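One structure below.
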Ligand code: AMP
């Protein structure tokens, strides 16, 4: 399916979609729409926020709703009020030309009576948060006997928010023959077991890699003293003058404090958290959406329903307790084909979390140094010059003042004039950053810490009969290990992908688990063999270049790659270079 026209959706739906400006289906829509229309199996879809999930389930669901019947035929469960409103809006748009179709949103924190009345008027699709849906079921105001479609949107988030029991109770009230669709950005064990419990013969569709961060997102981290976290945040923000992003904090209190400090320090920032009234939250969100606010300081929960496509940065002021939430946070940038940066500020003792995140995301994180005062000032200066160059001049207003201004400044030569104009803005930065301290925990210290961690870790080296010839990448190998052990927190050391086979290091205490996990695994028809590398005592160079093995040239898709599986994340080509005399096959 390349276009909505050829999707098989009703013409009235296709027309509404065209009016929304959707030119072609997103990857998740390309996969789910034909599947939902042509089959009656359940669906487990792995997709990040911002991938077009709502239309992916919403369009085919609307297609199959009988709008002549007033009974509830579709139930969409989602974690927050904001998401509930967003989904309802989207479904309203999609069904714009189906005059008999009504979507009723039901969510907590607001009068239930109005929602009961709305349900009484009859809606074929109900979108709701689990608590309120259950309440309405108990009051016998929401009847689910005729449900044909059940959608669990952001299922991982609903579980994180403690809705498991509510979901179980709701699902037990839905008819056996309903069709279930579960959408989740990540696939923790709890979601897998939920899918197993409630889905029958389900198809798994995923865009991007399981548990992976969005492709377009770069992950950076800064290591500072815990007490310098706020100063580091300011430097990072000052170093990115056109930043438009969310600063994630761990608690409501921290969120409020950071936002207040930023505001006092002259930043265009505000807070979004659960202690605010709904009206306050709506106000902050609408300012942020319309870009009147440059920085939104938020808790995970409060930011869930925010649908903004062009965030340049996500800043993890503090990492979430559940590292899984990092995927949701970072997935809020790099959306709709744009590029984004996810920044994490950590203190020395937290650097081990970065390695865990790299594994979760399946990408190396780049260690960045907090810019020094001079670097920030330079960046600001050139941003200011850019602004001067491109500012739109309101000729008609300024015209009336120009004669007086020219006269007053006539004595100043051109160069002097430029200097003074720039200084008006720039002096503030120069003064602030004069004598600014280095905030980085010295790079040497970070390296030492990393090395000591690596040498403390007792690894076993495994041999696996998959190599670049089998189109296996470092990330594939990590995913395979995660998948078959079912344990994402096993420490992985160095990974080397060679042509016909590969090596990977695993925390020694998990030796048996690895052997067991790969006992009966096949990939593309090939039985995977994993065994402890016999030459584990030998220096790597000896093993790699012994015998008559031939190796592909480093680099390029066919090249072999070695990845430390650690924070620097850079392929380690040194060894192959040192053996430069060897011939590489192209
Ligand atoms: P969602 O993942 O459903 O929250 O969608 C993310 C954003 O992508 C929303 O602003 C949608 O309106 C937009 N969107 C969804 N599908 C398409 C499409 N096929 N073409 C362009 N934009 C889309």
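Mind jotting down the distance between the C-alpha centroids of region 457-492 and region 254-284, whole Å?
One Cα centre to the other: 43 Å.
For the residues 432, 239, 326, 221, what sequence is obtained by ranking on other C-beta atoms within 10 Å, fewest first?
Ascending number of Cβ neighbours within 10 Å: 432, 239, 221, 326.
Could you list 528, 492 so that the one with the fewest beta carbons within 10 Å of its beta carbon is first and the one with the most is last? Mind showing how you got there, number by number?
On the way: 528 17, 492 24.
In order of increasing Cβ crowding within 10 Å: 528, 492.
When a footprinting reagent is the concern and you count Cβ atoms within 10 Å, what order do 23, 531 take, fewest first?
Least to most surrounded, the residues fall as 23, 531.
When the helix-only estimate is applied to the chain (DSSP H runs of n ≥ 4, each -39,500 (n - 2.57), divided by the residue count), what is the mean residue ellipticity at 222 nm, nearest 500 deg cm²/dmol?
Working: 23 runs with 243 residues, N = 586.
For the chain, the value works out to -12500 deg cm²/dmol.
Using only Cα atoms, locate the centre of region 1-76 and the centre of region 125-168, then give the distance between them in Å, rounded to an integer.
21
Ranking request for peptides 353-361, 41-49: highest mean number of other beta-carbon atoms within 10 Å first, then the rest in descending order.
Numbers: 353-361: 20.2, 41-49: 21.9.
Sorting 353-361, 41-49 by mean packing, highest first, produces 41-49, 353-361.
Would you mind getting me the FRET efficiency between residue 426 and residue 176? Use the beta-carbon distance for r and R0 = 56 Å, nearest 0.05.
It comes to 0.20.
Between residue 379 and residue 216, what is the spin-label point distance in nm, taking each point 7 Å from the Cα along the Cα→C-beta axis?
Those two pseudo-labels are separated by 2.1 nm.
Kindly identify region 1-74 as rounded, prolate or oblate by the Cα gyration tensor criterion: order the square roots of the eigenvalues as a ≥ b ≥ c, call it rounded if a/c is under 1.5, otherwise compare a/b with b/c, prolate if a/b is larger, else oblate.
oblate
Shape verdict for the chain, please, from the Cα gyration tensor: rounded (a/c under 1.5), prolate (a/b greater than b/c) or oblate.
Verdict is oblate for the chain.
Test of understanding: express the Cα radius of gyration of region 45-127 as a ratio to 2.2 N^0.38 Å, with N the residue count. All intermediate terms of the calculation are to be shown ahead of the outcome.
Working: Rg = 12.7 Å, N = 83, 2.2 N^0.38 = 11.8 Å.
Dividing the Cα Rg of region 45-127 by 2.2 N^0.38 Å gives 1.07.
How big is the antiparallel share of DSSP beta bridges in the chain, given as a percent to the nearest 5?
30
Compute the Cα gyration tensor for region 289-385, then decide on rounded, prolate or oblate, letting a ≥ b ≥ c be the square roots of its eigenvalues: rounded whenever a/c is under 1.5, prolate when a/b is larger than b/c in the other cases, and oblate in all that remain. It would help to have the intermediate numbers written out before the result.
Working: a/c = 1.82, a/b = 1.14, b/c = 1.60.
It comes out oblate by the Cα gyration axes.
Taken together, the values in this text are just the output of simple stated rules run on the coordinates, not laboratory data. All values derive from a computational prediction rather than experimental measurement. Every residue, glycine among them, receives a Cβ derived from its backbone with ideal geometry; neighbour counts consider all protein chains shown.
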